[in-house]
Amino acid sequence: MAKKKATSSQVAEKAGVSQATVSMILNRRSNVSFSAETVEKVECAARELGYELPHRKNKSNTRKEKLIVVLCPTLTSPYYVLLLQGIESVANEKGYGVFTCNTQRDAGLEEKYLRMISTMDPQGIIYACNPHPDFQKKVEELARRIPLVIISNKEKTTTVDAINQDNTMVGRLMARHLLDLGHRDVAFITPPLTRRQWQRSRRVDGFVKEYEKEGLAGHVLIKAADESVDRTLPKMDSEYSMGYQLTMELLKENRNFTAIAGQNDMMALGAIDALEESRIRVPKDVSVIGCDDTFYSGIRRLSLTTIDHFVALKGRDACDIIIRKIMMNDQFYSAGLQPTSLYNIEYTPKLITRKTTAYANTKRKIPDPDGMTEKIK
């Protein structure tokens, strides 16, 4: 007669622990830790009883691909393309596959992907932006089970590994450059300033505070796109079109400014086209500054002044952290030890001065955008 297979309850009884403890230790759960003595008792009891996990021997063969999942808000922005390139370059070097979930800044779609995580069984997760506020707790729970990194636009986090971006500092740096060039009256164009995209407000706030520090409160015009923009599926030219349209609106409103700051490079490029179409010279009449230092800003004909905050390196660092934690778990959990570590990396943004900013021209002639008259600002 064939000998009956040992059960986990028998292992638990022999080791003097609970059945749940046996399951967590023998399944190598990475989010819990036990003393070396407890682990040794359980493993010794399992060996003596001949207990074997179902499919344990073939476990390494069931994972055809070592997978990292990336949740990304859009695939149409050069900023996120740069991030993904950084992530994939490291993943490919280390033999990992990357599965990108495009949430399209839609909370329902983000929630759907979060529910799918368990079926995808990734070894790591990267959030290319801040999670929706409604899912922050869910993300923190995931981070306790799976290595997870957020490429964050807020202050340092104490709960999840993060590549941080102080957007307030970025805004201050943009403003300081324009102030040093004598620009007292300026405009800031931005996508919608919503609760979901609150990090955009940080950049605007930093910009405004730098002007307030110089006694120029009220000298910054904030021109934000309507909230409905974030509820539509983005196109390749969405940010460029926003920059163009918002600048045209500023001109039609006859607003007084000698410089425009764009929330990102694509909006700044849209602003430049709107100004030049209205026969306003850049930078002789109006200076323009962007942010992100994407590929387009460095094209010689455009030569956009911008802020570099090392986007591709952030992607590389996020993937490095994931792989380092996977290796750490593999190295230590068999000894009953679960190392606790939290990574927070932040780069200092850098001004890249090119040809779209110059000293303020306070006596410039501005053509009416309708082409009827000229106004002196």
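The values are calculated or read from the model by the stated rules, or taken from the named source; none is laboratory data. From a predicted model like this one, the values you see are computed outputs, not experimental measurements. Using ideal geometry, Cβ is built from the backbone for each residue, glycine included, and neighbour counts are taken over all protein chains shown. SASA here: full protein model, heavy atoms, side chains in, ligands and nucleic acids out. Shrake-Rupley method; radii C 1.70, N 1.55, O 1.52, S 1.80 Å.
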Leaving out ligands and nucleic acids, and using a 1.4 Å probe, what accessible area per residue does the chain come to in Å²? 50
Please get the size of the charge dipole for segment 226-289, origin at its Cα centre, with Cβ charges of +1 on Lys and Arg and -1 on Asp and Glu, quoted in debye to the nearest 20. 240
Which semi-axis lengths, in whole Å and largest first, follow from the square roots of five times the eigenvalues of the Cα gyration tensor of the chain? 55, 18, 16
Label points 7 Å out from Cα along the Cβ direction at L109 and N27: separation in nm? 3.3
Residue-span extension gain [E48 to S341] - 0.36 nm each, minus C-alpha spacing: 102.0 nm
Taking the simple approach of a point 7 Å from Cα along Cα-to-Cβ for both R231 and T7, what is their distance in nm? 5.6
With charges only on Cβ, +1 for K and R and -1 for D and E, what is the dipole size of the chain about its Cα centre, in debye, rounded to 20? 700
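Between S89 and L351, what FRET efficiency follows from the Cβ-Cβ distance if R0 is 22 Å, with the result rounded to 0.05?
Approximately 0.25, to the nearest 0.05.
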Please count, across segment 136-237, the pairs of lysine residues with Cα atoms under 26 Å apart that sit 8 or more places apart or on different chains. 12
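Could you check what % of the DSSP bridge pairs in the chain are antiparallel, to the nearest 5?
Numbers: 6 of 40 bridges.
Of the beta bridges lying entirely in the chain, close to 15 percent run antiparallel.
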When the chain is fully extended, how far beyond the present Cα-Cα distance does K213 get from W198, taking 0.36 nm per residue of separation? 3.1 nm
For the chain, calculate the relative contact order in percent as a whole number, restricting contacts to Cα pairs under 8 Å that are 6 or more residues apart. 18
Of 230-242, 310-322, 290-302, ordering from highest average Cβ density within 10 Å down gives 310-322, 290-302, 230-242
Ignoring any ligand, DNA or RNA, what whole percent of the accessible area of the chain comes from carbon and sulfur when the probe is 1.4 angstrom? 50
